[in-house]
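Working notes for the structure below.
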Amino acid sequence: MATFLFWNINKKPLQDHIVALCHEHDVDILILAESDLPAVPLLQALNTEQRSTFRQPFNLSDRLFFLIRYPTDWLKPVRDDGGVAIRHFIPPIGPDILLAAVHLPSKLYGNESDQIFEANRAAQMVTEAEERVGHTRTVIVGDFNMNPFEPGMVGTRGFQAVMDQRIARRINRTVLGKEYSFFYNPMWSRLGDLSKGPPGTYYYNSSTHVNFFWNTFDQVLIRPDLLDLFSADRFQVLDVAGQQSLLSSNGLPDSSLNSDHLPLLFNIEIERVI
Amino acid sequence: MVTKNLWGELPDAADIRSPVTILREQASLLTQMTNGTLQGEVYLENSGGRFSSTLYILAPALDDYRYSVLSVQYPVVS
């Protein structure tokens, strides 16, 4: 089983929290966005008194940071383009997987049209990578800076990420004569206070007429070809790191001490097909 | 009968260097300078009247790994 942790740490010095999360949840692949943490001290802390060690694979992305608890040649770089980093995860046993990490542009620096354009670009990069590796066993994780219901996430030229696995398993649909492939988006099931875990991954109280308060910008999307290996039971939006809550006393991300985003944890059960 | 020019005065196209042209020149230079060890590539995309030209470095020795150097986005100027 490969365990993934993604966190936008908002340039905060959260090494201790990251180490606690990785040790507690037996993380194999760590992906960070907005990280200024130097790699060596983080690696030393992660690998202290541990049976298996984290390594830093080849990475030219200046927006996304990877550490893996595998030999570095198991994670080959495919493409780095701004806030999109695509890697080919090739374990010696079990299926290879395409892993895309994203940190898409914020609403602070663009409008909805800009975000749709960038989502379309990112989705196209993933499609091209899938054509190169010859399969669609793809997972995308990151800070999309969009909620699951926004046009860039659900549009055909974007990620077409749906809330129902049965729909995603149809593989694609045709609109105006062109086929578009689905992603499954489990984040739909994490919206609101009656869902499992916190109501979202990012809280922002704006003064505009439309204010969601809780947003779910940090998301993981899975292609139908990988759905059987995705463990829905183990998928979590985390609000605790070790003994430390990541939320303040009012239940919101404690951005004064921690990140303004909450981390995502998920598993891909690669060994299930062995 | 002489056809009337309804286009008006157009600039000489030879004087116009679009962003994609500039990027393609640099892509070609990179390939030449490194004897193909690194290759320059330019992708042009357009969506909803907005164009994006991206200059990539392609590394054949790394299984065609692509690294984006820069991306220029611009609308159709009316």
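Using packing as a proxy for protection, rank A:169-180, A:102-113 so that the peptide with the highest average count of other Cβ atoms within 10 Å comes first.
A:102-113, A:169-180
On the full set of protein chains, 1.4 Å probe, figure out the accessible area of residue A:154 and give it in Å² to the nearest 10.
Around 60 Å² of this residue is reachable by solvent.
How do A:139-145, A:226-232 rank on mean C-beta neighbours within 10 Å, highest first? Each step should come with its number before you reach the end.
Values: A:139-145: 25.3, A:226-232: 16.4.
Per-residue mean Cβ counts within 10 Å order the peptides as A:139-145, A:226-232.
Quick check: pseudo-label points 7 Å beyond the Cα along Cα→Cβ at residue A:255 and residue A:207, how many nm apart are they?
1.5 nm
Working with all protein chains in place, sort B:34, A:216 by solvent-accessible area computed with a 1.4 Å probe, largest first. Before the final figure, lay out each step's value.
Details: B:34 40, A:216 0 Å².
Listed by decreasing accessible area, they come as B:34, A:216.
Treat every Asp and Glu Cβ in the protein assembly as shown as -1 and every Lys and Arg Cβ as +1, leave all other atoms uncharged, and give the resulting dipole magnitude about the Cα centre to the nearest 20 debye.
Approximately 560 debye in magnitude.
GluC sites (Glu not before Pro) within the stretch B:1-44: which are DSSP loop residues with at most 10 other Cβ atoms inside 10 Å? Please list the in-between numbers first.
Working: sites: B:9, B:25, B:41; in loops: B:9.
Those satisfying the criteria are B:9.
Please quote Rg/Rh for chain A to two decimal places, taking the Kirkwood radius as Rh and restricting both calculations to Cα atoms.
Taking Rh as the inverse mean 1/r over Cα pairs, Rg/Rh reads 0.94.
What does the average come to when, for each residue of peptide A:129-136, you count the partner chain Cβ atoms lying within 10 Å of its Cβ?
Per-residue shielding by partner chains comes out at 1.
If you fit an axis through the alpha-carbon atoms of helix B:19-33 and take the longest principal axis of the Cα set of chain B, what angle between them do you get, 0 to 90°, nearest 10?
It is inclined by approximately 30 degrees.
Kindly compute the accessible surface that chains A and B hide from a 1.4 Å probe when together, both sides summed, and give it to the nearest 100 Å². All intermediate terms of the calculation are to be shown ahead of the outcome.
Working: alone 12790 and 6380 Å², together 17700 Å².
About 1500 Å² of accessible surface is lost on pairing.
Within a 10 angstrom radius of each residue's Cβ in B:62-72, how many Cβ atoms of other chains show up on average? Whole number is fine.
5
The values are calculated or read from the model by the stated rules, or taken from the named source; none is laboratory data. Not measured: the values here are computed from a predicted model. Neighbour counts are summed over all protein chains in view; Cβ atoms, including those assigned to glycine, are modelled from backbone coordinates with ideal geometry. We work out accessible area using only protein heavy atoms, side chains counted, and drop any ligands, DNA or RNA first. Shrake-Rupley method; radii C 1.70, N 1.55, O 1.52, S 1.80 Å.
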